[in-house]
Amino acid sequence: MIRFLLRFVGLICLAGAFILAIYDGTRSIAANRVFLTSVRTLWELINANSLTQVKPLISSYAGGVLWDPGMISILNAPAFTLLACLGVVLLMLGRRKKPLIGYARS
C-alpha cells in the first residue's frame, strides 16, 4: 500500500512537472524570451499565507543559514525541476525490489 502511494504521488509530481514545462515553454515561445515559473511563484499561487508562516520556522534554526542560502535557492529554482526531482525520488522509493537470482526465498 505504501509503495502504491509513493508511486502514485510520484506520478502526480511528474505530471505536474510536465504541465509546468509545457506552460513555461508556451509562455517563452509567445514572448520570445525564457520564462520559468519559480517555486516561490507556484507556492504563492497555491497558498501565500503558508509561505509567510514557514519563514520564521525555518530561519530560527542554524542562525538563519537554513533560510537565506538554503531555502531561498530552492524557492528561486524552476518549479518543474523540483517537481520532476521529487517525482523521480518518490518513484524510486516505491519501486519493487529485484528478485534475487539463485537464492530461494522463504
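Test SER73 against the criterion of being loosely packed, with under 14 Cβ neighbours inside 10 Å, hydroxyl-bearing (Ser, Thr, Tyr) and at pLDDT below 80, and give yes or no.
Details: loosely packed, with under 14 Cβ neighbours inside 10 Å: yes; hydroxyl-bearing (Ser, Thr, Tyr): yes; at pLDDT below 80: no.
No, not satisfied.
Only one residue in GLY25, GLY64, GLY10 is surrounded by 11 or more Cβ atoms within 10 Å (Cβ to Cβ), at positive phi and not charged (D, E, K, R), so which one is that? Spell out how you get there, then give the answer.
Numbers: GLY25 fails: at positive phi; GLY10 fails: at positive phi.
Exactly one residue qualifies, and that residue is GLY64.
Check PRO56 against each of (1) at pLDDT 85 or above; (2) at negative phi and name the one condition it does not meet.
It is condition (1) that PRO56 fails.
One residue is enough: does region 89-98 have a residue meeting the conditions loosely packed, with under 11 Cβ neighbours inside 10 Å, out of contact with any helix residue (DSSP H, G or I) (no Cβ under 9 Å at 6 or more places or on another chain) and either without any contact (Cβ under 8 Å) to a residue 40 or more places away in the chain or not basic (Lys, Arg) (or both)?
Taking every residue of region 89-98 in turn, at least one turns out to be loosely packed, with under 11 Cβ neighbours inside 10 Å, out of contact with any helix residue (DSSP H, G or I) (no Cβ under 9 Å at 6 or more places or on another chain) and either without any contact (Cβ under 8 Å) to a residue 40 or more places away in the chain or not basic (Lys, Arg) (or both).
The values are calculated or read from the model by the stated rules, or taken from the named source; none is laboratory data. Computed from a prediction, not measured in an experiment: that's the story for all the values here. Every residue, glycine among them, receives a Cβ derived from its backbone with ideal geometry; neighbour counts consider all protein chains shown.
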